[in-house]
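Throughout, read-outs are computed from the coordinates displayed, never taken from laboratory work. The model shown is predicted, which means the values in this text are computed figures rather than measured ones. Here the Cβ is made from the backbone with ideal geometry for all residues, glycine too, and neighbour counts use every protein chain on show.
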Amino acid sequence: MSYRSIYRQDLFAGMVVLVTGGGSGIGRCVAHELASLGATVALAGRRMERLEATAAEIAEDGGKAICHACDLRVEDAVKEMIADIVARAGRLDGVVNNAGGQFTSPAADMSTKGYETVLRNNQVAQFTVAREAFNQWMKDHGGAIVNISADPIGGMPAMVHSAGARAGLIAVSDTLAYEWAANGVRVNTVVPGYIASSGMNAYTPEMQAKFAAGVKKMPLKRMGTEAEVSSVICFLLSEGASYVTGACYYVHGASSSIRQDWDIPDHTNAKPYQGFHRYNGPSAFLGDYGKDGSGEDQA
């Protein structure tokens, strides 16, 4: 089997795209789709074993990937990583700022250090990666940057640190899109909602139960797939989005429109798109359609 992308096979032929957090979850899916479309994918993250596992999968499927272990919160490490990618791959056409992470805690119990750590994980690191990609390659050659955020509208109870970081990242993207437009660099934001990704496994059983309860309130009555997020990211990296910059794309199934005074009846009409042939997330959150959205289990 191979990735079932909606885009033409050679869309990113000859291009190099950095995917941070490419060893798992949405980042891993994006890396696979980009590679299936001809890109050389540079995978970055703290865990080399995860990156190498994804790179091995991509190679097995006939694609190309390189790996670079990097703590994205460390400025000098990011500078070295971008320089290494340019040296090894010869160019850097796109960046998917996907890496991030947070923990759950009531705001009253959260330390300033904990708040600042998540701010660095989910906003400062993304800025540093984007800045270095611009300074070391895109300033003179153009490119596209997609920052992955989360929906801050209405707040994020138990994750105030992430709320601050994610809201700020959207504003950072808008600012960079303006400043770097003259260099042919586009900067956009993608905001996934509840996605049935392997990242769900990092949460406590209590939080997972809250997610499951939340699905019942959603208009589409299911979570999204990694592939549904990846297809939006690939569009924003492509030439088809050449007039799209400073935009924020919400991939959340209208989950931010949940109203307490309006009930949506249970239904199974929102069939998920599952193009990722190596998906390994918690598929139970996708409903009754199976991993490829057709009723067939494609594990």
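Given 5 Å bins starting at zero, what is the percent of C-alpha pairs of region 3-152 in each, up to the one with the largest pair distance? P(r) for region 3-152, in whole percents per bin: 2, 10, 19, 22, 19, 13, 7, 4, 2, 1, 0.
Considering only ARG186, ARG278, ARG222, the mean-square fluctuation computed in a Gaussian network model of the chain, springs between alpha carbons under 10 angstrom, is largest for ARG278.
Computed from label points 7 Å out along Cα-Cβ, the spacing between ASN183 and ARG73 is 2.7 nm. Relative intensity of the chain on a log10 scale, I(q)/I(0) at q = 0.07, 0.12, 0.13 Å⁻¹, equals -0.25, -0.75, -0.89, per a Debye sum over C-alpha point scatterers of equal strength in the absence of solvent. Looking at region 1-153, the DSSP beta bridges with both ends there are about 0 percent antiparallel.
Considering only ALA144, ALA99, ALA89, the Gaussian network model of the chain with Cα springs below 10 Å gives its largest mean-square fluctuation to ALA89.
Taking the Cα centre of the chain as reference, the dipole from Cβ charges on Lys and Arg (+1) and Asp and Glu (-1) amounts to some 220 debye. With contacts taken as Cα pairs under 8 Å at a separation of at least 6 residues, the chain carries a relative contact order of 17 percent.
Volume of the convex hull of region 72-133 (Cα atoms only), normalised per residue: 75 Å³. Only helices enter this figure: runs of n ≥ 4 DSSP H residues, each worth -39500 (n - 2.57), summed and divided by the residues of the chain, yield -10500 deg cm²/dmol at 222 nm to the nearest 500.
The ranking of GLU57, GLU33 by Cβ neighbour count inside 10 Å, starting from the fewest, reads GLU57, GLU33. Rounded, prolate or oblate: which one fits region 1-91, using the alpha carbon gyration tensor with axes a ≥ b ≥ c (rounded when a/c is under 1.5, else prolate when a/b beats b/c, else oblate)? It comes out prolate by the Cα gyration axes.
GNM remark for the chain: springs join alpha carbons under 10 Å apart, and the peak mean-square fluctuation among GLY100, GLY27, GLY155 falls on GLY155.
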